[in-house]
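Undergrad: What follows is a single structure, and I will ask about it in a moment.
The values are calculated or read from the model by the stated rules, or taken from the named source; none is laboratory data. Note that the structure is a prediction, hence the values are computed from the model and not measured. All Cβ positions, even for glycine, are placed from backbone atoms using ideal geometry, and neighbour counts span all protein chains on display.
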């Protein structure tokens, strides 16, 4: 696939879905609108919020290509509604509690220019709490469709797509509510190269209302459904078959990680053991989750939490990211 960019600065279209996230929305919107990039098309799709979100969006109306506030059927429908309105060469979405770091748009555009056949580029990200205190840094390797089928999960707001590749692969599958982004990455990666850029592009905010915490257990069912679909897919079935031990180990580890989030430690540890018999290396790459699940199942989870708090204190020293600059204040 050749580049379809019509200028040296391709238009970048961003969609933000939101519902009752007024406490976070302003910072998210500013992280898009304040990018030092000349061609941005920004679309905000609000699900009929009642917390003042519409007033916040309206305050930036002059800088938006489109916005609406009306009831919808969930996140996938909201994102797809926005994606259908995009006209940019590069498209992405960012949820209303996440933040782009300065320079992300320019670096994503440069990556597509350097890789004219790429359908998707992705960067690294930083996990923070609601006050922007650093919890973890997520740096990624270069992955392919096999890695994604093994549930090497990317930080969603650090992903940008070539619009023509997205249209070819198809929009989000609205039957998925939790791993909808990962399912789309799998479909894109089986058609186009995806490229990693070792730059920090986004902040992911973790808070009590975040889906990864509030609905952790439901991720498992959707992950299993994704692998069942891939196993019968004309384009993916042979890949799953040829890498079945690794794929199913990855599925077990992913399930265990979500079950740990839910606090179901015994079940999580059993799934880790099952994964180990499939493909030991895949499991041991997440050795800290093995320790967390095992200790917690024995009622010793406080020891792991002590280790994690101590590590964060030593490594990140309570550092706070300034979302406007990308650096500590």
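Undergrad: For the stretch 56-67, which residues satisfy the criterion of being in contact with a strand residue (DSSP E or B) (Cβ under 6 Å, 6 or more places away or on another chain) and not in a helix (DSSP H, G or I)? First the steps, then the outcome.
TA: First pass over the stretch 56-67, keeping only residues in contact with a strand residue (DSSP E or B) (Cβ under 6 Å, 6 or more places away or on another chain): 57, 64-67.
Within the stretch 56-67, 64, 65, 66, 67 meet the criteria.
Undergrad: How many residues are in a helix (DSSP H, G or I) and either touching a helix residue (DSSP H, G or I) at 6+ places or on another chain (Cβ under 7 Å) or not assigned by TED's automatic domain parsing to the domain that holds residue 222 (or both) if we restrict to the stretch 258-312?
TA: 29
Yes or no, residue by residue, for (1) at pLDDT 95 or above; (2) in the same structural domain as residue 104 (by TED's automatic domain parsing); (3) within 27 Å of residue 320 (Cα to Cα):
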| residue | (1), (2), (3) |
| --- | --- |
| 133 | no, yes, yes |
| 157 | yes, yes, yes |
| 172 | yes, yes, no |
| 186 | yes, yes, no |
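Undergrad: Follow-up. Any residue in the stretch 242-255 that is not assigned by TED's automatic domain parsing to the domain that holds residue 229 sitting within a Cβ distance under 8 Å of a residue that is at pLDDT 95 or above? List the pairs, counting only those 6 or more apart or interchain.
TA: none
Undergrad: Determine, yes or no, whether residue 101 is under 20 Å from the mean Cα position of the chain (by Cα), in the same structural domain as residue 184 (by TED's automatic domain parsing) and buried (at least 18 other Cβ atoms within 10 Å of the Cβ).
TA: Considered against the rule, which asks whether it is under 20 Å from the mean Cα position of the chain (by Cα), in the same structural domain as residue 184 (by TED's automatic domain parsing) and buried (at least 18 other Cβ atoms within 10 Å of the Cβ), residue 101 comes out as yes.
Undergrad: Is it the case that residue 88 is assigned by TED's automatic domain parsing to the domain that holds residue 166 and buried (at least 24 other Cβ atoms within 10 Å of the Cβ)?
TA: Values: assigned by TED's automatic domain parsing to the domain that holds residue 166: yes; buried (at least 24 other Cβ atoms within 10 Å of the Cβ): no.
Judged against the criteria, residue 88 is not a match.
Undergrad: Of the conditions (1) loosely packed, with under 14 Cβ neighbours inside 10 Å; (2) closer than 17 Å to residue 270 by Cα; (3) modelled with pLDDT of 95 or more, residue 221 satisfies every one except a single condition; which number is it?
TA: Every listed condition holds for residue 221 apart from (3).
Undergrad: Here is a follow-up. In the stretch 94-107, what count of residues is obtained for those that are in contact with a helix residue (DSSP H, G or I) (Cβ under 9 Å, 6 or more places away or on another chain) and not in a loop (DSSP other than H, G, I, E, B)?
TA: Final tally of qualifying residues: 4.
For (1) touching a strand residue (DSSP E or B) at 6+ places or on another chain (Cβ under 8 Å); (2) modelled with pLDDT under 85; (3) on the phi > 0 side of the Ramachandran plot, each residue gets a yes or a no:
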residue	(1), (2), (3)
228	no, no, no
267	no, no, no
270	no, no, no
291	no, no, no
309	no, yes, no
315	no, yes, no
321	yes, yes, no
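This table checks each residue for (1) assigned to a helix (DSSP H, G or I); (2) out of contact with any helix residue (DSSP H, G or I) (no Cβ under 8 Å at 6 or more places or on another chain); (3) surrounded by 21 or more Cβ atoms within 10 Å (Cβ to Cβ); (4) modelled with pLDDT under 90.
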site: 37; (1), (2), (3), (4): no, no, no, no
site: 44; (1), (2), (3), (4): no, no, yes, no
site: 54; (1), (2), (3), (4): yes, yes, no, no
site: 72; (1), (2), (3), (4): no, no, no, yes
site: 78; (1), (2), (3), (4): yes, yes, yes, no
site: 81; (1), (2), (3), (4): yes, yes, no, no
site: 92; (1), (2), (3), (4): no, no, yes, no
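Undergrad: Continuing with this model, one more query. Quick one: which residue in 194, 272 is surrounded by 17 or more Cβ atoms within 10 Å (Cβ to Cβ) and free of Cβ contacts under 8 Å to residues at least 24 places away in the same chain?
TA: Working: 194 fails: free of Cβ contacts under 8 Å to residues at least 24 places away in the same chain.
Result: 272 is the single residue among 194, 272 that is surrounded by 17 or more Cβ atoms within 10 Å (Cβ to Cβ) and free of Cβ contacts under 8 Å to residues at least 24 places away in the same chain.
Undergrad: Are any residues in the stretch 56-70 out of contact with any helix residue (DSSP H, G or I) (no Cβ under 9 Å at 6 or more places or on another chain) and either touching a residue at least 12 places away in the same chain (Cβ under 8 Å) or within 15 Å of residue 161 (Cα to Cα) (or both), and if so, which ones?
TA: 70
Undergrad: Here is a follow-up. If residue 323 meets every condition in (1) within 24 Å of the chain's Cα centre (by Cα); (2) buried (at least 17 other Cβ atoms within 10 Å of the Cβ); (3) outside any loop (DSSP other than H, G, I, E, B) apart from one, which number is that one?
TA: So residue 323 meets the others, but not (3).
Undergrad: Only residues that are closer than 18 Å to residue 19 by Cβ and out of contact with any strand residue (DSSP E or B) (no Cβ under 6 Å at 6 or more places or on another chain): list them for the stretch 32-47, please.
TA: 47
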